[in-house]
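K.L.:
Submitted below is the structure of interest, expressed as structure tokens.
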Amino acid sequence: MRTKSLPFTRGSDNIFADLGLEDADELLLKSQLARRITKVIRDRGLSRAEAANHFGIDQARISDIMNGRLDRFSLDRL
């Protein structure tokens, strides 16, 4: 059985730019920062409460970062 060939378009290194979003560079930086913050929290075995205390923000904001709800943060705030 032969499979259909789908068209393929190589994207850039910025998915947000590929999607045509206005602030693509900022969105990419925010997502990279959030990934790194999440990695540090997990690598250190911190609970969200411990991470919140460490970063000086409330636990809900840690959850927002770890769940990718980055529209609630400016780039500077991250």
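K.L.:
Give Arg35, Arg42 a once-over and let me know the one that is farther than 23 Å from Asn14 by Cα and not in a loop (DSSP other than H, G, I, E, B).
P.N.:
Exactly one of Arg35, Arg42 is farther than 23 Å from Asn14 by Cα and not in a loop (DSSP other than H, G, I, E, B), namely Arg42.
K.L.:
Separate question: Here is a list: Ala17, Ala51, Ala60. Which entry is in a helix (DSSP H, G or I), free of Cβ contacts under 8 Å to residues at least 24 places away in the same chain, surrounded by fewer than 13 Cβ atoms within 10 Å (Cβ to Cβ) and over 12 Å from the mean Cα position of the chain (by Cα)?
P.N.:
Ala60
K.L.:
Kindly provide the set of residues from the stretch 8-40 that are β-branched (Val, Ile, Thr) and over 16 Å from Leu70 (Cα atoms), ordered by number.
P.N.:
Within the stretch 8-40, Thr9, Val40 qualify.
K.L.:
Is it the case that the stretch 63-73 has a residue that's more than 11 Å from the chain's Cα centre (by Cα), at pLDDT 95 or above and at positive phi?
P.N.:
The answer is no; no qualifying residue exists.
K.L.:
How about the stretch 34-48: which of its residues are surrounded by fewer than 16 Cβ atoms within 10 Å (Cβ to Cβ) and either touching a residue at least 24 places away in the same chain (Cβ under 8 Å) or in contact with a His (Cβ under 9 Å, 6 or more places away or on another chain) (or both)?
P.N.:
Result: Arg44, single match.
The values are calculated or read from the model by the stated rules, or taken from the named source; none is laboratory data. If you're wondering where the values come from, they're calculated on a predicted model, not measured in any experiment. Glycine gets a Cβ as well: all are built from the backbone with ideal geometry, and neighbour counts include every protein chain shown.
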